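Okay, so here's the structure we're looking at.
Every number in this text was worked out from the coordinates using simple rules, so none of it is lab data. Since this is a predicted model, take the numbers as computed values, not measurements. Note: ideal-geometry Cβ built from the backbone for every residue, glycine included; neighbour counts use all protein chains shown.
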């Protein structure tokens with residue numbers, strides 16, 4: 001893995017987590033969780049594809065397609081397994 005490849009993957013993983021958070025909503029802690037899940041899923045997908053020797057969906061040295069699919073899977077899984085956000089408190 002080259003440094004530019006890592007930076008490219010990190011940017012896209014962060015983008016995936018941020019866009020998912022924008023679509024699903026939540027607070028700052030949920031944003032950090034979504035970004036962390038996107039990073040985890042992205043790099044797990046990349047490493048899995050590299051270990052299997054897959055050559056499809058590559059962008060440079062990065063196994064981009066499997067990494068993207070894995071990030072999407074982990075984001076959706078994390079969304080459904082996370083506890084619901086507490087309701088806002090009223091100031092009555």
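In the chain, helical runs assigned H by DSSP with n ≥ 4 each contribute -39500 (n - 2.57); averaged across all residues and rounded to the nearest 500, the mean residue ellipticity at 222 nm is -24500 deg cm²/dmol. A full extension of the chain between residue 48 and residue 80 corresponds to an added length of 9.2 nm, given 0.36 nm per residue minus the alpha carbon distance.
Ordering 77, 31 by the number of other Cβ atoms within 10 Å of each residue's own Cβ, fewest first, gives 77, 31. Can you classify the chain as rounded, prolate or oblate using the Cα gyration tensor, where a ≥ b ≥ c are the square roots of its eigenvalues, rounded means a/c under 1.5, and otherwise it's prolate if a/b beats b/c and oblate if not? The shape class here is prolate.
Specify the angular offset, from 0 to 90 degrees and rounded to the nearest 10, of the alpha carbon long axis of helix 3-24 from the longest principal axis of the alpha carbons in the chain. Orientation of helix 3-24: about 30 degrees from the principal axis.
Once the Cα atoms are used to define both axes, helix 64-81 deviates from the longest principal axis of the chain by about 20 degrees.
So what's the angle, to the nearest 10 degrees on a 0 to 90 scale, between helix 28-52 and the longest Cα principal axis of the chain? On a 0 to 90 degree scale, this one is about 20.
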